[in-house]
Each structure stands twice: as C-alpha cells, then as structure tokens.
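The structure appears below as structure tokens.
The values are calculated or read from the model by the stated rules, or taken from the named source; none is laboratory data. Quick caveat, the model's predicted, so the values are computed rather than measured. Virtual Cβ from ideal backbone geometry, glycine too; neighbours counted across all protein chains shown.
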C-alpha cells in the first residue's frame, strides 16, 4: 500500500475509513463418495499486483490507484491549525 491519501470515488465523502481486501488459496482433497475432507493444506496469500481497497462507508471496492487518483483530483483543503482561544 502506498503512503498517499485516499478519497472514495463512489460516495465522495470518505477519506479515512478503508479496508484492504486480500485473497487466499487453500487446497483440500475430498472423498469422492462420502464428501468428507481428507486433506487440507495451510492457506497461502495470493500476491496481487495492486491491493484492492474497500470504502467502509459505501462498500465500494476497487484497486488502490483509483482511490489515490480521486484524492489527487479533489485534494482536501488545508485548514488552519493555529486555533485562537479567548
């Protein structure tokens, strides 16, 4: 994952709540007659060329670059960080 801001291109309201979607491969063997699982291997993560990101507000899922490009098209306005207290 890249250290860049995200912005959901679907709901256009979320910049902070996301999930990374991962895929796993797990092999197993079943008995052809009874259907009982006879052998199971350990799950192995499938390496994707680009991570899939899901917006936790609207559940939109797409590749990471789509969220990054949307954030670049609509950057968040900088707000002053020097509050004045009276």
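Could we say that residue 47 is loosely packed, with under 13 Cβ neighbours inside 10 Å and closer than 19 Å to residue 2 by Cα here? Yes: the conditions hold for residue 47.
Filter segment 17-42 for residues that are within 17 Å of residue 6 (Cβ to Cβ), in contact with a strand residue (DSSP E or B) (Cβ under 6 Å, 6 or more places away or on another chain) and modelled with pLDDT of 95 or more and give the result. If the condition is that a residue be within 17 Å of residue 6 (Cβ to Cβ), in contact with a strand residue (DSSP E or B) (Cβ under 6 Å, 6 or more places away or on another chain) and modelled with pLDDT of 95 or more, then 18, 19 are the ones that fit.
Under the condition of being in a loop (DSSP other than H, G, I, E, B) and modelled with pLDDT under 95, the residues counted in segment 43-72 number 6. Within segment 1-42, being in a strand (DSSP E or B) and under 30 Å from residue 71 (Cα atoms) holds for 18, 19, 20, 21, 23, 24. Given 66, 12, which one is surrounded by 10 or more Cβ atoms within 10 Å (Cβ to Cβ), in contact (Cβ under 8 Å) with a residue 24 or more places away in the chain, on the phi > 0 side of the Ramachandran plot and within 20 Å of the chain's Cα centre (by Cα)? It is 12. For the condition touching a residue at least 12 places away in the same chain (Cβ under 8 Å) and more than 17 Å from residue 61 (Cβ to Cβ), residue 26 qualifies.
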